[in-house]
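Undergrad: I have a structure I would like to understand better, so I am pasting it below and will then ask my questions one at a time.
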Amino acid sequence: MRIVSGLCFVGCAVALSGCFGSGSVSDVLPTGKHINNKTKFSVAKYGVAASPRVTTSKKVRKGGGRAQVGRPYRIKGKWYTPKEEPGYNKSGNASWYGPNFHGRLTANGEVYDQFALSGAHPTFPLPSYARVTNLANGKSVIVRVNDRGPYHEGRIIDLSARASELLDYQKRGIAKVNVQYIGKAPLHGLDHKYLSASYKTDPTGTPSGNAVASLAKARPGPTPKIDVENAIALDPIATGAVNSHRLRKQFILGTD
């Protein structure tokens, strides 16, 4: 992640969380091994250092970051201009990142959780929501974008280890995906059950009970109780059109 305005910029020293699209088969560690300290990028190449790891726990705090768009910035000689893009709908490659960056600060000051449904994008506002669809199998899910990256040619988004697993490309490392920007996300970060309920296993289907079943694997701990019939309204919630006043209040205020 970084530190300086729109990146993970804190103060004016630039540091990156590590969203360079590093996911690969070698990143998948044995069960119980969720931290990897191997260096995945060099300061000399990217001009920035990795953000600090603030925890090694599997249970990472949610929210706690700041809402930001950010100033234009340069990585590897290329300039990026953060902005809100309501009509963004593009296809390209997606990579993923996990054990090397778990527990590190993200670009907006949250803590990266490889077991959560999150992602990194070079220019989206932070935090925000985007639906990512694997074009090879039609599987899709909405992720919380709270970090910057990736910075490899042809890659348009970097997903968490869990998100890449749901879209079924973790072992391959990279997948051709479609990314649709939804809108800004609330700062509280208590959106896991809504993101999980957004999971689709085919391009024409709607989120259903299978999303609840997937929750057991999404992160340590018991599976949360979810009203799937209402929770699948995640897309409308993110854009402000909500039918259930109760659900909207829970989502926006972070109450349960």
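Computed from the coordinates by the stated procedures, all read-outs in this text should not be read as laboratory data. Since we're looking at a predicted model, the values are computed, not measured. Positions of Cβ are generated from backbone atoms using ideal geometry, with glycine treated the same way; all protein chains shown enter the neighbour counts.
Undergrad: Expressed in nm to one decimal, what extension gain is obtained for the pair Lys171 and Asn137 from 0.36 nm per residue of sequence separation less their Cα-Cα distance?
TA: Extra length from Lys171 to Asn137 when fully extended: 10.8 nm.
Undergrad: Moving to a separate point now. Given a cut-off of 31 Å, name the pairs among Lys83/Lys200; Lys78/Lys193; Lys78/Lys200; Lys62/Lys200; Lys58/Lys78 whose C-alpha atoms lie farther apart than that in the structure shown.
TA: Lys78/Lys193; Lys78/Lys200; Lys58/Lys78
Undergrad: For the stretch 98-160, report the % of Cα-Cα distances exceeding 13 Å. Display every interim value, and only then the final one.
TA: Details: 1182 of 1953 pairs.
Within the stretch 98-160, distances greater than 13 Å cover 61 percent of Cα pairs.
Undergrad: Under the rule of at least 5 residues apart or a separate chain, name every residue whose amide H is placed under 5 Å from the amide H of Arg144.
TA: Ser118, Gly119
Undergrad: Quick one: which of 109-121, 184-196 comes out on top by average Cβ neighbours within 10 Å, and what's the full order, highest first?
TA: Values: 109-121: 26.5, 184-196: 21.5.
With the highest mean Cβ count within 10 Å placed first, the list reads 109-121, 184-196.
Undergrad: Continuing with this model, one more query. With no solvent and one point per C-alpha, what does the Debye sum give as log10 I(q)/I(0) for the stretch 48-101 at q = 0.12, 0.22, 0.23, 0.25 Å⁻¹?
TA: For the stretch 48-101, the Cα-only Debye profile gives -0.51, -1.33, -1.31, -1.26.
Undergrad: Please work out the FRET efficiency for the pair Arg66 and Gln180, using the Cβ-Cβ distance as r and a Förster radius of 25 Å; give the result to the nearest 0.05. Let's see the in-between values first.
TA: Values: r = 24 Å, r/R0 = 0.98.
Computed FRET efficiency for Arg66 and Gln180 comes out at 0.55.
Undergrad: Near the amide H of Leu135, under 5 Å away, which other amide H atoms are found, from residues 5 or more places off or on another chain, if H is placed in the peptide plane?
TA: Here Lys176, Val177, Asn178 satisfy the definition.
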